[in-house]
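A quick write-up on the structure given underneath.
The values are calculated or read from the model by the stated rules, or taken from the named source; none is laboratory data. Predicted model, so just to flag it, every value in this text is computed and none were measured. Positions of Cβ are generated from backbone atoms using ideal geometry, with glycine treated the same way; all protein chains shown enter the neighbour counts.
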Amino acid sequence: MRIAMIGSGYVGLVSGACLADFGHVVTCVDKDPAKIAALQAGQMPIFEPGLAELVAKNVAAGRLFFTTDLTQPVREAKAVFIAVGTPSRRGDGHADLSYVYGAAREIAAVMDGFTVVVTKSTVPVGTGDEVERILGETRPDGDFAVVSNPEFLREGAAIGDFKRPDRIVIGTHDPRAEAVMRDVYRPLHLNHSPLLVTGRRTAELTKYAANAFLATKITFINEVADLCERVGADVQDVARGIGLDNRIGSKFLHAGPGYGGSCFPKDTLALMKTAQDSGAPMRIVETVVSVNDQRKRAMGRKVIAACGGSVRGRTIAVLGLTFKPDTDDMREAPSLSVITALQDAGARVRAYDPEGMGPAASMLDGVEYAADAYACLAGADAAVLVTEWEEFRALDLERVRDVMRAPVLVDLRNVYRPDHMAQAGFTYVSVGRAF
Ligand code: UGA
C-alpha cells in the first residue's frame, strides 16, 4: 500500500520507517527542507535507538522516501497520516492544532480517489470532526474518511513499541476506512496484537486517558515515596508489594523526580482543559499536574538539604540531563528545575549527559559541561543523579569517592542501594528510602 506521512518529526519518522518495514511504500513529508535534506543523506534529526538502521534499510529497499512536497505522495496514497506537532498553546494549555488543520487543508487540495486521512498526532476529542469538515469544505466532491489512530510510542523504545504494540486503536465507523486500516496493520494483527475499532472521539480520548492514567500512577508512587521517607518505609518494596497485584500492575511505579518529556506534561494539561471546558472536570488529573510541577522544584531543595542546608559557592555535579535515558530530549526534564534551583541557591553546576548536553546548552545558562561522568564528578562537593542512563548504573564507586571533594550522592532514580553506598563511604540520599 502507498502511504503518505505528513510530518517527519519523532512520531512521523518512526511510524513511517516501521510501516515501510512492514512492506508498504511510504513517503515522509516535512516542510523543513534542512530536515528532509538530512534524512535523504541518511542523517536522523533525533536520537532513537535503531532508527538510522531501519531508515537506511528501507530506503535501500525502495520503500521509504523523503520530500518537502506532499502533492505527489498524497495523490498516490490510500492512507495519509497526519503526524505533525501539537504543542501546548501559550497561555491556556490547550493543544495548538494549527499544524494539524494546515496539513488537512493541504491534503484536501491534492487527494485523489478514496483517501483515508489518519490523525496520528495526539489531538483533543473532536479534532477529527474538524479535519473532516475542512476536507469536505475544500473538496465537497471528495471521497475520503477521517480516522483517529493514536500512537503509544515511548521515546527510546519507539521501534519496539510500534512493532510489538500492546494494542492498536482505530477510531472510525466507516467500513471502507476500517478495511484500509486493517491492511495497514496486517503484519501486527497477524502477530496477535489486539486491534480495537472504536468511534473516532473514543479513540482520541483513549490516548489522553492512557497518558493521564500513567502520569497518575507515577505521581501516586512519588507521593508514597515522600510518605515512606517520613515513616521509615521503603518505596521500592511498597511498589513491588502493590505491583504484583495484577489489578495494579508493576510498571510505572518507579518513584523519581517527577515525570517530564514532551507527552505527559502536555497531554495531562490538555485533558484537564478539555474536561473543564466540557463541564466534567477531572480533579485527579488537575492534582497530578500540580503535584508533579511542585515535585520537580522540590528536588532542588532535596539536594540542598543533603548538602547540609546550603550549596552557596559549592560545585554540584549533575549526572543526566534528559527527561529519561536513551533520548536527547530535554523537554520538561526534571534536571531543568533541579539545576535552576541549585543555581538560584548559589551553587556552581557541572553536568554530564551522554546525549543531552547539546540541547541542554540552549536551555540553561551558566552550566559547565564535562566530557564524562568522572570529569563531571571531579572536585564536586556533591553529586545528583537525575537521569538513569545505563552508564551511571555501574560507576566505579571507589574512583567516584576519590575524585569528589565530598562523597555526597543524591540519587533521584534509586539506581544504587543504600546499604552498598553506606559501605562504600558515601552520604547517600535517594527517593522514598529512609536510611
Ligand atoms: C509516553 C508514554 O509512555 C507513551 O506510551 C506515549 O505514546 C508517549 O508518552 C506519547 O504520548 O507520545 P515517553 O514520554 O516517551 O512516553 O516516556 P515514558 O517512558 O512514558 O516516561 C515519561 C516520564 O515518566 C519520564 O520522565 C520518566 O522518567 C517518568 N517515569 C516513568 C517515572 O518517573 N517513573 C516510572 O515508573 C515511569
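Taking the condition more than 30 Å from residue 224 (Cβ to Cβ), among the acidic types (Asp, Glu), assigned by TED's automatic domain parsing to the domain that holds residue 416 and exposed (fewer than 15 other Cβ atoms within 10 Å of the Cβ), does residue 344 pass?
Working: more than 30 Å from residue 224 (Cβ to Cβ): no; among the acidic types (Asp, Glu): yes; assigned by TED's automatic domain parsing to the domain that holds residue 416: yes; exposed (fewer than 15 other Cβ atoms within 10 Å of the Cβ): yes.
No: the conditions fail for residue 344.
So, in the range 397-427, exactly how many residues are in contact (Cβ under 8 Å) with a residue 40 or more places away in the chain and at positive phi?
So the first thing to find is which residues in the range 397-427 are in contact (Cβ under 8 Å) with a residue 40 or more places away in the chain, and the list is 404-405, 408, 410, 412-414, 427.
After this cut, where a residue has to be at positive phi as well, the list is 414.
Result for the range 397-427: 1.
Take residue 47 and decide whether it is more than 27 Å from residue 277 (Cα to Cα), crowded, with 17+ Cβ neighbours inside 10 Å and touching a residue at least 60 places away in the same chain (Cβ under 8 Å).
yes
Residue pairs, Cβ under 8 Å, 6 or more apart or interchain, first in the range 132-152 and under 17 Å from residue 176 (Cα atoms), second aromatic (Phe, Trp, Tyr). List them.
Close Cβ pairs (under 8 Å, with a partner that is aromatic (Phe, Trp, Tyr)) amount to 143/114; 144/114; 145/114; 149/81.
Could you name every one of the helices (runs of 4 or more DSSP H) located completely within the range 223-318 that has at least 3 residues being surrounded by 22 or more Cβ atoms within 10 Å (Cβ to Cβ), of a type outside the set (Asp, Glu) and within 15 Å of the ligand (Cβ to nearest atom)?
Numbers: elements: 235-243, 264-277, 283-306.
Correct list: 264-277, 283-306.
Which of the helices (runs of 4 or more DSSP H) contained wholly in the range 136-204 include at least 1 residues that are crowded, with 18+ Cβ neighbours inside 10 Å and modelled with pLDDT of 95 or more?
In the range 136-204, 158-163, 175-184 are the helices (runs of 4 or more DSSP H) which contain 1 or more residues that are crowded, with 18+ Cβ neighbours inside 10 Å and modelled with pLDDT of 95 or more.
Exactly one condition in (1) modelled with pLDDT of 95 or more; (2) within 29 Å of residue 50 (Cα to Cα) is false for residue 365; which is it?
(2)
Answer yes or no: is there a residue in the range 374-389 that is without any contact (Cβ under 8 Å) to a residue 24 or more places away in the chain, surrounded by fewer than 22 Cβ atoms within 10 Å (Cβ to Cβ) and hydroxyl-bearing (Ser, Thr, Tyr). Working first, answer last.
Residues of the range 374-389 that are without any contact (Cβ under 8 Å) to a residue 24 or more places away in the chain, as a first pass: 375.
Keeping just the survivors that are surrounded by fewer than 22 Cβ atoms within 10 Å (Cβ to Cβ) gives 375.
Restricting the remaining residues to those that are hydroxyl-bearing (Ser, Thr, Tyr) gives none.
No: zero hits.
Suppose we keep only residues that are part of a loop (DSSP other than H, G, I, E, B) and touching an Asp or Glu at 6+ places or on another chain (Cβ under 9 Å) within the range 426-435. Which one would you say is surrounded by the fewest Cβ atoms within 10 Å (Cβ to Cβ)? Step through it out loud before you land on a result.
Initially, the range 426-435 is screened for residues part of a loop (DSSP other than H, G, I, E, B), giving 426, 430-432, 434-435.
When the remaining residues are screened for being touching an Asp or Glu at 6+ places or on another chain (Cβ under 9 Å), the result is 430-432, 434-435.
Values: 430: 27, 431: 23, 432: 24, 434: 15, 435: 10.
By that ranking, first place goes to 435.
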